[in-house]
Amino acid sequence: MAALGAGFALSAPYWLPKAVVALRVRAFAQVNGPGGVVVPGGQVGPDRFEELYAHPAANGRSRGAGLSDLFWYWLSPGPEVHQEHLEAGPLYDAVARTTSAILAGSSADLAATATRCAAAVLDGLPSGGTSGGMTSGGMTLVRLRDLMMQVWAEFFHELVFHDPCPPGVRGLITDNAADVVDSLKNTRLRHMDRRRRLTRYLLGRLAAGEVPHELPAGLATARDRAHYLQGTFFSTAVVQMSEAMAHLLLVLATEQDVQRRLAAHPDDDHDLGNVMNETLRMYPLFGIAHRITTADIDLGGGVAYPTGTVLCFDYPAYHASGWSDPQVFDPGRWDRVPARSAHHIPFGIAANRPCPAWRLAPLVMRAVTREVLRRFALHSSVSHTRSLPHRAPCLLVARGRPAPRGRRWAALAFLRLRDRWEDVGRSLVQFGLGLWMVRDARRQRLTERWFARQDAPAAPDARAAQDTPDGGEGHEVPGCPHSGR
Ligand code: HEM
């Protein structure tokens, strides 16, 4: 009996996390009520996925979906002025134009800024070193997501303010971004105080006239303008770029042949492009992107959806369709199939609110990858999943100072063991915190209340005086039924 108990406990890392994830998906689906229509699936297979996504009536973002309450909750404060959440109209157009203008720049300048920001952060590592990590025998243990967050905090500060990130401000930005993404992945609750500290900094810079961009006139108050900058550049941009880079570097840390090739031929844009395409194919940053139909859709062939249907576009399923061996990491597949005809939409689709950073992101990711590979060899033995809740633990070994093989082997064995056991504890935490936050978001009904106020026949002044829905009472997910990111 004791042997059975011990076997049960010791095997937990192999079955408990999966069991908890399955339970979590079921529990979330129940809490959320009837989910939306998941595509590809049912009436629409991968062959018609993009046709439906591109339909002009598949364009509602927030109004009328319980799921929106969750996304507004995670991206507070100021979700109502975040480009991702705005409904089509003049304010959305003005905000989208402003975002594109801030992200614009010559390729050479953007790449140079990204290289400089990466160098500044990597210089700060002991022995070419650590981001809250441990250094031993020329090796540094880091969590790649946390390390990259520092780089992108610097980078987006420069893009928004045209000046370097002052000491102390990097931490404000990374605290905010980490809080957003950790709550979204259910590994921690929200801490609105951390997010508000950044809002105060942004308000100060706006008041001092230190934002060198014209912001949309439709953002009526200074707080709206601060929330727009915070949500788009210091939450979404920093989070997405850090996650994308963490996936890419973790791939290189585990695919040693690929890493050796890229390090030996740093100017081979083609090879790096294939590796990036393959990384984003296997690990798309969005799990689900949802839309609410704003009119009836009839695609023909018996495929029809009434107004108000919540369509859930499942990126991993679409990216896995149409390939042989989709689960195999194979950058070479991109030489065999032109990207145009592949089921591959890492930045969304051009006809329906694509990512405004579709040009910038790959450009600056290449620059930062080269700077990292120039300095370090990367090694890791941890699991790699799309949601990356472990923040990508990795060993950085300074180039030219190879660590003794035995020491590296021991460090990788430690990483593997720690990863398995962390997974057990973390899956239980995610289950509990996830349920709590889904319930809290449903209780706060940020989206529903916001639109009810917009629709109420109140005097415009009275409406403007109402609180913005920052959902700041306390301290993430699945909608359809997985988490959006
Ligand atoms: C590798 C990095 C990135 C990836 C893979 C990515 C991916 C995506 C995807 C798939 C969408 C569309 C989802 C949908 O159809 O609803 C999206 C939307 C968006 N992304 Fe990105 N993103 C990245 C980086 C960034 C950055 C750096 C920014 C900086 C501002 C950004 C801002 C946005 C915004 C504002 C939207 C909403 C667009 C709209 O609704 O008009 N993203 N992103």
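The values are calculated or read from the model by the stated rules, or taken from the named source; none is laboratory data. Note that this is a predicted model, so its numbers are computed, not measured. All Cβ positions, glycine included, derive from the backbone under ideal geometry; neighbour counts span all protein chains shown.
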Can you say whether residue 275 is hydrophobic (A, V, I, L, M, F, W, C), touching a Leu at 6+ places or on another chain (Cβ under 9 Å) and closer than 30 Å to residue 66 by Cβ, as far as the supplied structure shows?
no
Among (1) farther than 30 Å from residue 156 by Cα; (2) buried (at least 16 other Cβ atoms within 10 Å of the Cβ); (3) at pLDDT 90 or above, residue 368 falls short only on (1)
Selected residue (criterion: nearest to the ligand (Cβ to nearest atom)) from residues of the range 289-311 that are over 24 Å from residue 89 (Cβ atoms) and part of a strand (DSSP E or B)
299
Within the range 189-218, considering residues that are touching a Ser or Thr at 6+ places or on another chain (Cβ under 9 Å) and part of a loop (DSSP other than H, G, I, E, B), the one nearest to residue 89 (Cα to Cα):
216
Consider only pairs whose beta carbons are under 9 Å apart and that are at least six residues apart or on different chains; among these, list those whose first residue lies in the range 275-287 and is under 16 Å from residue 242 (Cα atoms) and modelled with pLDDT of 95 or more and whose second residue is aromatic (Phe, Trp, Tyr) and in a helix (DSSP H, G or I).
284/315; 284/318; 285/315
Restricting to the range 234-248, name every residue that is more than 6 Å from the ligand (Cβ to nearest atom) and out of contact with any Lys or Arg (no Cβ under 7 Å at 6 or more places or on another chain).
234, 235, 238, 239, 245, 247, 248
Please indicate, with yes or no, whether at least one residue in the range 20-32 is modelled with pLDDT of 90 or more, within 24 Å of the chain's Cα centre (by Cα) and aliphatic (A, V, I, L, M).
no
Looking only at the range 346-359, decide whether some residue is away from the ligand (no atom under 11 Å from the Cβ) and either surrounded by fewer than 18 Cβ atoms within 10 Å (Cβ to Cβ) or modelled with pLDDT under 95 (or both).
no
Select from the range 64-112 the residues that are in a helix (DSSP H, G or I), among the polar types (S, T, N, Q) and modelled with pLDDT of 95 or more and list them in ascending order.
98, 99, 100, 107
Residues that are out of contact with any Asp or Glu (no Cβ under 6 Å at 6 or more places or on another chain), farther than 30 Å from residue 419 by Cα, modelled with pLDDT of 95 or more and assigned to a helix (DSSP H, G or I): does the range 312-322 have at least one?
no
